[in-house]
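The values are calculated or read from the model by the stated rules, or taken from the named source; none is laboratory data. Since we're looking at a predicted model, the values are computed, not measured. Quick reminder, even Gly has a Cβ in these numbers, built from the backbone with ideal geometry, and neighbours come from all protein chains shown.
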Amino acid sequence: MSNRIYDIIGVGIGPFNLGLAALLDPLSEIDALFLDQKSQFQWHPGLLMEGTTIQVPFLADLVTMANPSSRFSFLSYLNAQSRLYHFYFLEDFHIPRREYNHYCQWVAQQLQSCRFGEQVDTISWQESLGCFEVKTQNSTYHCHNLVLGVGSVPKIPPCFQGLETQDIFHSAQFLHQRDRIRHSQSVTVIGSGQSAAEVFYELLQEQQTYNYRLDWHTRSAGFLPMEYSKLGLEHFSPDYIHYFHSLPQPKRDRVLSQQNLLYKGISFNTIAQIYDLLYERTVAGNRPDVRLLPLVEVKEVEPITTNGKTTYRLSYRHVQQDQRFTYETNCVILATGYEHQIPDCIDGIRPLIQWDNQGRYIVNLDYRLALTQEIPNQIFVQNGELHTHGVGAPDLGLGAYRNSVIINTLVGQTIYPVQRHNVFQQFGVA
């Protein structure tokens, strides 16, 4: 065990902690370490379909919104890949999802502070040393401060939990399950966000080749577009974060429940692609074996095995008609979103953290967790503050801003300036 005490250790290396590592890299006064159990950086590998893009402009890379001249910017990556002219002629701010993943891998490979293949097992507070102890399977580290960036996990509806089958899986596994899908007689996609739409479109394109029945079901009111107007996008700004954080927690929860289409809808382009293909498939009176059904929720799931083959009887309730019906399918893809999970590795420091009445972190405006003891050490959180900081918490475009705030708080001075007034509209009257 080394006597070295890092200034900060990051748990998890997703885009947000990777961006923090990149922005900390030029600061020789900060000794940082970032740990992740994966063997290399991977960003939603099961959804890196050809033709899909990230839903924010390329300026929402790891560093540009904090330091446009950083050597880790997306433009620097393009230059290193000899792709600047290709991108220039592309004339599109929204880059391929696969390219964003490769860009992040390019950054991670250059950062000595990032260590992959190290799963954090336990974290404890060593009061006698005045630091945190972070244990992995092979090593023990110490640090003055922590930043939790473990990300979110697939959200599985209760009725699908506990089923031991490979025929029902989350959309996060879509590309890994392509062969299973292609050999199914019927496929059902559940959900109505961007991932659900992209999965459905992929399946629709291949339907005539593999001849499966294709259903798309959601309990939402429809297959609706994400709010993408320019004034609507201003909710993803530091200005709105300050306004939202100033509200009492019960009010925040009510506001969030009314904002789904700010970050959970479908892009206009994807909706158009789906509609156009359905239109073309119905030329000359053809009727593709496809059904889109909103306002239905799955209540029960029953496996049925006949002659060695298993199908799944889904019992539904129509939300508005309050009618029940059943439907049988061979394969179910759950595009049901993600949820933040409190990692087991922090069990040792749970008593040090303040929790709200729903068991969530209490997060200060500067992304520090509220603690139960007055200590000079801090615990920061990345993308675990949707309930305190609003809809921008998971948005890639605010990652560099959040990391600027974390770094400035950590160092005690302004390293990366942050602006208070960034949008045209005013949130709140004070």
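Let's see how each residue does on (1) modelled with pLDDT of 95 or more; (2) at positive phi; (3) crowded, with 22+ Cβ neighbours inside 10 Å:
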position	(1), (2), (3)
GLY149	yes, no, yes
VAL153	no, no, no
GLY162	no, yes, no
GLN173	yes, no, no
SER186	yes, no, no
GLY191	yes, yes, yes
ALA197	yes, no, yes
LEU204	yes, no, no
GLN207	yes, no, no
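So which residues in region 284-296 are touching a helix residue (DSSP H, G or I) at 6+ places or on another chain (Cβ under 9 Å) and either crowded, with 16+ Cβ neighbours inside 10 Å or at positive phi (or both)? Step through it out loud before you land on a result.
Step one: of region 284-296, the residues touching a helix residue (DSSP H, G or I) at 6+ places or on another chain (Cβ under 9 Å) are 287-290, 292.
Once the filter is applied, which keeps residues that are touching a helix residue (DSSP H, G or I) at 6+ places or on another chain (Cβ under 9 Å) and either crowded, with 16+ Cβ neighbours inside 10 Å or at positive phi (or both), region 284-296 yields VAL290, LEU292.
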Task: Residue identified as of a type outside the set (Asp, Glu) and without any contact (Cβ under 8 Å) to a residue 60 or more places away in the chain among ARG291, ARG350 - done: ARG350
Task: Tally of residues being part of a loop (DSSP other than H, G, I, E, B) and over 19 Å from the mean Cα position of the chain (by Cα) across region 175-231 - done: 15
TODO: Please indicate, with yes or no, whether at least one residue in region 4-20 is among the acidic types (Asp, Glu), more than 23 Å from the chain's Cα centre (by Cα), at pLDDT 95 or above and at negative phi.
DONE: yes
- [ ] Please find, within region 52-74, the residue that is nearest to LEU262 (Cα to Cα) out of those that are free of Cβ contacts under 8 Å to residues at least 40 places away in the same chain and surrounded by fewer than 17 Cβ atoms within 10 Å (Cβ to Cβ).
- [x] PRO68
TODO: Would you tally the residues in region 327-375 being part of a strand (DSSP E or B) and surrounded by 14 or more Cβ atoms within 10 Å (Cβ to Cβ)?
DONE: 15
Task: Close pairs from region 107-124: first in a helix (DSSP H, G or I), partner surrounded by fewer than 15 Cβ atoms within 10 Å (Cβ to Cβ), Cβ under 8 Å, at least 6 apart - done: ALA108/GLN40
Open item on the list: What's the total number of residues in region 71-102 that are under 20 Å from PHE41 (Cα atoms) and either not aromatic (Phe, Trp, Tyr) or not in a loop (DSSP other than H, G, I, E, B) (or both)?
Closed with: 17
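Before we move on, is ARG83 more than 20 Å from LEU396 (Cα to Cα) and either crowded, with 20+ Cβ neighbours inside 10 Å or among the charged types (D, E, K, R) (or both)?
Values: more than 20 Å from LEU396 (Cα to Cα): yes; either crowded, with 20+ Cβ neighbours inside 10 Å or among the charged types (D, E, K, R) (or both): yes.
When the stated conditions are applied, ARG83 passes them.
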